[in-house]
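Visitor: To start, I am sharing the structure in question, which I have written as structure tokens.
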Amino acid sequence: MKRICSMFAISAFALASLPSGAIGQQKSLKDQIVGSWTLVSWEQTLKDGSKNHRFGSSPKGINTFDADGNFSLIIMRPDLPKIAAGDPEKPTTDEAQAITKGAIAYYGTYTVNEADKTINLKLTGTTLVNQMGMDQKRVVTSISGNEMKYRNPTSVTSGAQIEVAWKRSK
């Protein structure tokens, strides 16, 4: 019993010695998002409530954020067609249309608003040039060590919202 009381006293002293606020302190949102994330799901809800899974039921993708404020994103369908000619400059009309509908990539810089849990993207380049100059805000709806979910309230399709889920890459 004496040993247990001694251990308790040592633990209490150690906790009391920590700097103020160290207990229960959480990383900032920016610190939490830094790294590489693998796509789990992508779902768009249109104005009429219908759902769109543009990249299929098992989409592929990666989203990276570095500590210096740079990001990149690539999302695609796993069933994109091969280009019959074997030359990326010579797809058939159907191949080009399927690839355009089934893939997106963009990159640029980002800032984080800790108060409203948003990631604000400034695109430097994109495969969908209609996005250039648009306010690109992602509202983080949940984040843990290995999972992040965010909503895109400002998709190119007016009135549509996109929910995206990611898992941290290993």
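The values are calculated or read from the model by the stated rules, or taken from the named source; none is laboratory data. Quick caveat: nothing in here was measured; it's all calculated off a predicted structure. Cβ sites come from the backbone with ideal geometry, for glycine too, and all protein chains shown count toward neighbours. These area figures cover heavy atoms from the full protein model, side chains too; ligands, DNA and RNA do not enter into them. Shrake-Rupley method; radii C 1.70, N 1.55, O 1.52, S 1.80 Å.
Visitor: What are the pairs, 6+ residues apart or on separate chains, where a residue within the stretch 89-110 that is in contact (Cβ under 8 Å) with a residue 24 or more places away in the chain has its Cβ under 8 Å from a residue that is of a type in the set (D, E, K, R) and part of a strand (DSSP E or B)?
Guide: As it stands, the answer is GLY108/LYS122; THR109/LYS122; TYR110/LYS122, since those pairs meet every condition given.
Visitor: Which one is surrounded by the most Cβ atoms within 10 Å (Cβ to Cβ), of the residues in the stretch 105-145 that are under 21 Å from GLY61 (Cα atoms) and basic (Lys, Arg)?
Guide: Filtering the stretch 105-145 for residues that are under 21 Å from GLY61 (Cα atoms) and basic (Lys, Arg), the one surrounded by the most Cβ atoms within 10 Å (Cβ to Cβ) comes out as ARG138.
Visitor: What pairs can you find where one residue is in the stretch 149-170 and touching a residue at least 60 places away in the same chain (Cβ under 8 Å) and within 20 Å of ASP116 (Cβ to Cβ), the other is of a type in the set (S, T, N, Q) and assigned to a loop (DSSP other than H, G, I, E, B), and their Cβ atoms are less than 6 Å apart, with a gap of 6+ or different chains?
Guide: Pairs that qualify, where the first residue is touching a residue at least 60 places away in the same chain (Cβ under 8 Å) and within 20 Å of ASP116 (Cβ to Cβ) and the partner is of a type in the set (S, T, N, Q) and assigned to a loop (DSSP other than H, G, I, E, B), are ILE162/SER155.
Matching residues to (1) modelled with pLDDT under 90; (2) closer than 30 Å to TRP166 by Cα; (3) open to solvent by 70 Å² or more (accessible area, probe 1.4 Å); (4) in a strand (DSSP E or B):
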| site | (1), (2), (3), (4) |
| --- | --- |
| ARG3 | yes, no, yes, no |
| SER6 | yes, no, no, no |
| ALA14 | yes, no, no, no |
| GLN32 | no, yes, no, no |
| GLN44 | no, yes, no, yes |
| GLY61 | no, yes, no, yes |
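Visitor: Taking the condition under 21 Å from GLN32 (Cα atoms), open to solvent by 70 Å² or more (accessible area, probe 1.4 Å) and modelled with pLDDT of 95 or more, does LYS90 pass?
Guide: Answer is no for this residue.
Visitor: Of all residues in the stretch 115-137, which are assigned to a strand (DSSP E or B) and under 18 Å from LYS101 (Cα atoms)?
Guide: Hits for the stretch 115-137 are GLY125, THR126.
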